[in-house]
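The values are calculated or read from the model by the stated rules, or taken from the named source; none is laboratory data. None of the values given here were measured: they were computed from a predicted structure. We place every Cβ from the backbone using ideal geometry, glycine too, and count neighbours over all the protein chains shown.
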Amino acid sequence: MSETTGPSIDRDEVARFERIAATWWDEAGPMRVLHRFNPVRLTYIRDAVCRHLGRDPLQPRPLEGVSLVDVGCGGGVLSEPLARLGATVTGLDPAPTNIRVARAHAAEAGVPVDYRGETIEAVAEAGERFDVVLAMEVVEHVVDMPAFVRTACTAVKPGGLLFAATINRTLRSFALAIVGAEYVLRWLPRGTHDWEKFVTPAELTRAVEAGGLAVTDTSGVAYHPLGDRWSISRDTAVNYMITAVRPAA
């Protein structure tokens, strides 16, 4: 298996993100929504890991000593702040330009992240295991979601955590995440998402359980247009995140 191909990789999706790779850190560009959304997912991950480990999430480096892999890391928008919180971060992405952008930004910022142009399949097959595995805004872009999730679960150490964020497959998500975000508001390039590849919480839960983990939390993420901000919500009809745990050995 090569570094940039594998059962889960959709080459059209990789090419699409290659074309906009240089804009990852432009907060006014195509990744604007991701930058607005990032504090919510960062806090969600930090707080869940700290609860799991019995740590104070407000200490300076609450994730110190935690090994973490960010699957589909893009330009490192989430990987870098997690490293700043103390985690030992590996970022994986099949798009070479994404990795180049991520490495350059991390070097300029002085943040240690191990960015690799590899797939989670290759990393898991090599026997690498992590305290935390992230699949954030990834499962809706792969060819075989259940197989991808099972592989991601394989990389979770006993007692470790998996986090995933994605978009539910509902009429509301079609209206908001595709028609609204891509065609009306133009937050994202047209064609960024395929509604048929969106994943329901039940489907994602089944895939995680097939990988030997148990889902412990499912939380929605809501957009508030008046304040141009995102927050955790009970409403999972559009965006949502999950936490899952592998039983300790």
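Quick notes on this one:
- Scope the stretch 208-230; condition small (Gly, Ala, Ser) and modelled with pLDDT of 95 or more; matching residues: Ala210, Gly211, Gly212, Ala214, Ser219, Gly220
- A residue that is modelled with pLDDT of 90 or more, in a strand (DSSP E or B) and not aliphatic (A, V, I, L, M) cannot be found anywhere in the stretch 167-178.
- Residue within the stretch 156-173 that is more than 17 Å from the chain's Cα centre (by Cα), of a type in the set (Gly, Ala, Ser) and farther than 20 Å from Asn239 by Cα present: yes
- Residue count for the stretch 39-65 satisfying the condition of being surrounded by fewer than 24 Cβ atoms within 10 Å (Cβ to Cβ) and part of a loop (DSSP other than H, G, I, E, B): 11.
- The sole residue among Val221, Val208, Val215 that is crowded, with 20+ Cβ neighbours inside 10 Å and in a strand (DSSP E or B) is Val221.
- Counted residues, the stretch 68-105 - those being touching a strand residue (DSSP E or B) at 6+ places or on another chain (Cβ under 7 Å), over 20 Å from Asp56 (Cβ atoms) and among the hydroxyl-bearing types (Ser, Thr, Tyr): 2
- Residue match in the stretch 108-123 (condition: out of contact with any Lys or Arg (no Cβ under 9 Å at 6 or more places or on another chain), crowded, with 24+ Cβ neighbours inside 10 Å and of a type in the set (Val, Ile, Thr)): yes
- Per-region count, the stretch 238-249, residues within 23 Å of Thr170 (Cβ to Cβ) and either surrounded by fewer than 17 Cβ atoms within 10 Å (Cβ to Cβ) or touching an Asp or Glu at 6+ places or on another chain (Cβ under 6 Å) (or both): 1
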